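Asks: Have a look at the structure that comes next, please.
The values are calculated or read from the model by the stated rules, or taken from the named source; none is laboratory data. These numbers were taken from a predicted model, which means no experiment stands behind them. Counting neighbours? That spans all protein chains shown, and the Cβs are built from the backbone with ideal geometry, glycine included. To get the accessible areas, we keep the full protein, side chains included, count just its heavy atoms, and leave off ligands, DNA and RNA. Shrake-Rupley method; radii C 1.70, N 1.55, O 1.52, S 1.80 Å.
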Amino acid sequence: MAVDQVLLETAAESGRPSLRFYTWSEPTLSLGYFQRYADREQHRASLDCPLVRRQTGGGAILHDRELTYSVAASALNRSTAEAQRLYDSIHTALVDVLAMRGIEARLCMLEAAPDTQATAFLCFERRSRGDVLLGKDKICGSAQRRLQAGILQHGSLLLARSAAAPRLAGLSELTGKAWDIQDVLEPWRREIASRLHLALEPQPLTPLELDRVRQLVIEKYDAARWNRRR
């Protein structure tokens, strides 16, 4: 979460966009920015998991057998400035990648979700326009944080069921075959880059960015005053 914030700050200050994919070292629950900390008691299966609060909204995500991505860009970039266009660009890229594998996923076209879905604790039990669905199951959703000069979008692709979120089926259960991260990561990366007109090259964080990440971990993302703020 700290790295994603730093990438947003860099994009806002310098205009340099980034595309990042990552996984988690242990099952972890991330709360949406507006969720109440006490609401995690609703989800008994993840009570023993570590918790962090995201800077984006939406429902809680159990990060385990999934692939997380983030895109940070300048608000002046035409390809990323419009919220729904950015959602659709990344999600249709995933739909096309799955179609290459014979999997018919689709975008959710709901303009407004039923109340029970809109208020569900877990993100993957909610439905919003632009979510990626496989049948009736949501397999990918995203959220945004927008500054005056920068935009961060990050989201998760559910690859398989987690013991810490047993109600949620992933690609493996829904398609009847095992999915490895590499089955999706590279083709999805290429499709995203094409749609957002990005010429990608590997770029580590600078020493200044790493120092900022460490500061944010201590002062924000590992601090109770942030994670339990609501």
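Asks: Are there any pairs, at least 6 apart or on different chains, whose C-beta atoms fall under 9 Å, with the first in region 207-221 and surrounded by 13 or more Cβ atoms within 10 Å (Cβ to Cβ) and the second among the hydrophobic types (A, V, I, L, M, F, W, C) and outside any helix (DSSP H, G or I), and if so, which?
Replies: Short answer, once both residue conditions are applied: 212/205; 213/205; 216/1; 217/1; 217/223; 220/1; 221/1; 221/52.
Asks: Select from region 203-222 the residues that are of a type in the set (S, T, N, Q) and closer than 13 Å to residue 18 by Cβ and list them in ascending order.
Replies: Step one: list which residues in region 203-222 are of a type in the set (S, T, N, Q), which gives 203, 206, 215.
Scanning region 203-222 gives 203, 206.
Asks: Please find, among 16, 20, 40, 65, the residue that is farther than 16 Å from residue 222 by Cα and in contact with a His (Cβ under 9 Å, 6 or more places away or on another chain).
Replies: On the way: 16 fails: in contact with a His (Cβ under 9 Å, 6 or more places away or on another chain); 40 fails: in contact with a His (Cβ under 9 Å, 6 or more places away or on another chain); 65 fails: in contact with a His (Cβ under 9 Å, 6 or more places away or on another chain).
Criteria check complete, one pass: 20.
Asks: Next question, about the same structure. Criterion first (surrounded by fewer than 22 Cβ atoms within 10 Å (Cβ to Cβ), of a type in the set (S, T, N, Q) and modelled with pLDDT of 95 or more) does residue 119 satisfy it?
Replies: Against the criterion (surrounded by fewer than 22 Cβ atoms within 10 Å (Cβ to Cβ), of a type in the set (S, T, N, Q) and modelled with pLDDT of 95 or more), residue 119 does not qualify.
Asks: Residue by residue through region 1-19, note down the ones that are open to solvent by 30 Å² or more (accessible area, probe 1.4 Å) and of a type in the set (Asp, Glu).
Replies: Across region 1-19, the qualifying residues are 9, 13.
Asks: Let me ask something additional. Taking the options 30, 25, 70, 46, name whichever one is under 30 Å from residue 199 (Cβ atoms) and either more than 15 Å from the chain's Cα centre (by Cα) or open to solvent by less than 20 Å² (accessible area, probe 1.4 Å) (or both).
Replies: Answer to the check: 70.
Asks: Also: I need the full set of residues from region 129-160 which are open to solvent by 60 Å² or more (accessible area, probe 1.4 Å) and in contact with a Ser or Thr (Cβ under 9 Å, 6 or more places away or on another chain), in order please.
Replies: Matches in region 129-160: 145 only.
Asks: What is the residue count in region 13-35 for residues that are at positive phi and free of Cβ contacts under 8 Å to residues at least 12 places away in the same chain?
Replies: 0
Asks: So, residue 91, is that one in contact (Cβ under 8 Å) with a residue 24 or more places away in the chain, open to solvent by less than 40 Å² (accessible area, probe 1.4 Å) and either in contact with a Leu (Cβ under 7 Å, 6 or more places away or on another chain) or among the aromatic types (Phe, Trp, Tyr) (or both) or not? Walk me through how you get there before you give the answer.
Replies: Values: in contact (Cβ under 8 Å) with a residue 24 or more places away in the chain: yes; open to solvent by less than 40 Å² (accessible area, probe 1.4 Å): yes; either in contact with a Leu (Cβ under 7 Å, 6 or more places away or on another chain) or among the aromatic types (Phe, Trp, Tyr) (or both): yes.
The answer is yes for residue 91.
Asks: Could you tell me which of the residues 163, 178, 169 is aliphatic (A, V, I, L, M) and open to solvent by less than 60 Å² (accessible area, probe 1.4 Å)?
Replies: One residue alone meets the criteria, 169.
Asks: Pull out all pairs, ordered by first then second residue, where Cβ-Cβ is under 7 Å, the residues are six or more apart or on different chains, the first lies in region 153-164 and is closer than 21 Å to residue 89 by Cβ and free of Cβ contacts under 8 Å to residues at least 40 places away in the same chain, and the second is open to solvent by 10 Å² or more (accessible area, probe 1.4 Å) and not small (Gly, Ala, Ser).
Replies: none
Asks: Quick one: would you say residue 191 is open to solvent by 40 Å² or more (accessible area, probe 1.4 Å) and free of Cβ contacts under 8 Å to residues at least 40 places away in the same chain?
Replies: no
Asks: Quickly run through region 184-220 and pick out the residues that are more than 20 Å from the chain's Cα centre (by Cα) and of a type in the set (Ser, Thr, Tyr).
Replies: Residue satisfying the conditions is 206 alone.
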